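The values are calculated or read from the model by the stated rules, or taken from the named source; none is laboratory data. Everything numeric here is computed off the predicted structure, so don't read it as measured data. Reconstructed Cβ throughout: ideal geometry from the backbone, glycine too, with neighbour counts over all protein chains shown.
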Amino acid sequence: MTNQHRVHLLHFGTIALLALLFFVLPAYHVGNLARIMVLATYAIGYNFLFGYTGLLSLGHALFFTAGMYGLGLAMTQFGLPSAPALIIGLIAACLVSAVIGFLALRTSGVAFMIVTLMFAQAGYLTILYFGTYTRGDEGFVIQQAKRVMFGIDLSSEVSRYFAALILFSICFLTVARIVQSPFGKTLIAIRENEERARMLGYDTGAHKLKAIIISGTISGFAGAAYALLFGYAGATFATVQYSIFPLLWVLLGGAGTTVGPLIGVIFMFYLIDLSSSITSAYMLIAGVALVLLAMFAPQGLAGTLRKRWFKWMP
């Protein structure tokens with residue numbers, strides 16, 4: 001079996017396993033896994049920028065909520081059906097990521113991190129300022145009757161799970177394809193040595209801007225899907241912690257690996273879930289586990305597997 005066949009088996013096998021789990025897991029874990037797949041899509045968008053391009057953003061919550069509020073406001077304020085509202089959410093995330101990318105790429109390194117964080121905070125304050133429409137910290141609920149697409153009720157357990165699976169599969173396979181393309185290889189070259197890539201004639205600025213737009217649009221897609229599938233949009237998702245979460249997920253799962261974001265979200269989600277069932281100080285247990293993981297698997301779970309045993313993993 002060639003490495004390319006192994007890669008295809010990994011990607012399509014992951015999707016098939018997620019589909020199979022719906023039929024074997026209890027209802028509680030099925031609900032969790034639907035949420036995990038949406039958040040893993042958010043992490044996939046972040047990983048595309050951080051893991052493959054080498055740009056550390058602290059403002060991805062802005063893109064996530066751009067998609068979330070693009071869809072949510074289109075449905076609640078303008079009465080649009082879910083499908084056009086989803087498109088509006090994608091357009092909103094794409095436009096916001098293009099503008100932020102154009103401005104933030106005037107900086108680099110630590111300055112880029114700070115600028116993206118500042119833009120995300122500005123987005124959070126904007127949501128609070130227009131609380132008449134966004135309902136601020138309280139957020140708003142999208143009525144169950146409106147969460148229908150092509151005649152399918154997305155609020156039901158089955159529809160929500162497989163809608164989340166379709167969302168994850170589209171973004172998972174798209175990014176897997178991009179990183180294997182010449183464009184993706186160029187992004188990896190920029191991550192490894194931007195100056196050398198520039199000397200070889202590549203327009204590194206244009207490539208990084210495209211990477212931010214793709215990353216932000218995927219993250220916004222996840223935000224719009226979250227609002228549609230779970231019926232809620234709130235300013236909490238625009239706070240700093242939701243810019244830190246995807247960084248943690250990617251680092252835990254393995255930056256620069258296609259399956260790393262999913263592994264990282266599953267690990268973090270159930271680590272907190274299990275810890276909270278033991279003690280109210282669950283973040284202490286989670287923190288210790290994360291420190292140990294960082295010490296003994298600094299490349300993340302998937303990254304460590306690739307380094308030690310599966311060299312072919314993308």
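Would you point out which residue out of I166, I152 is surrounded by fewer than 18 Cβ atoms within 10 Å (Cβ to Cβ), within 30 Å of F22 (Cβ to Cβ) and modelled with pLDDT of 95 or more? Unique residue meeting the criteria: I166. Counting only helices (runs of 4 or more DSSP H) that sit wholly inside the range 1-89, those with at least 1 residues that are under 30 Å from L105 (Cβ atoms) and either of a type outside the set (F, W, Y) or modelled with pLDDT under 95 (or both) are 27-50, 60-76.
Residues in the range 295-307: is at least one part of a helix (DSSP H, G or I), of a type in the set (G, A, S) and surrounded by fewer than 17 Cβ atoms within 10 Å (Cβ to Cβ)? No; the residues of the range 295-307 include none that is part of a helix (DSSP H, G or I), of a type in the set (G, A, S) and surrounded by fewer than 17 Cβ atoms within 10 Å (Cβ to Cβ). Of the residues making up the range 235-280, those that are surrounded by fewer than 15 Cβ atoms within 10 Å (Cβ to Cβ) and under 27 Å from G139 (Cα atoms) are V240, Q241, I244, Y270, D273, S276, S280. Beta carbons closer than 6 Å, at least 6 apart along the sequence or on distinct chains, pair a first residue in the range 51-72 that is closer than 14 Å to A227 by Cβ with a second that is surrounded by fewer than 24 Cβ atoms within 10 Å (Cβ to Cβ) and among the β-branched types (V, I, T) for A66/V96; G70/I88. Considered as a group, the residues in the range 118-167 that are small (G, A, S) and under 22 Å from A66 (Cβ atoms) include one that is farthest from the chain's Cα centre (by Cα), and that residue is G131.
Looking at the range 253-267 only, could you name the residues that are under 14 Å from the mean Cα position of the chain (by Cα) and among the hydrophobic types (A, V, I, L, M, F, W, C)? A255, V259, L262, I263, V265, I266, listed by residue number.
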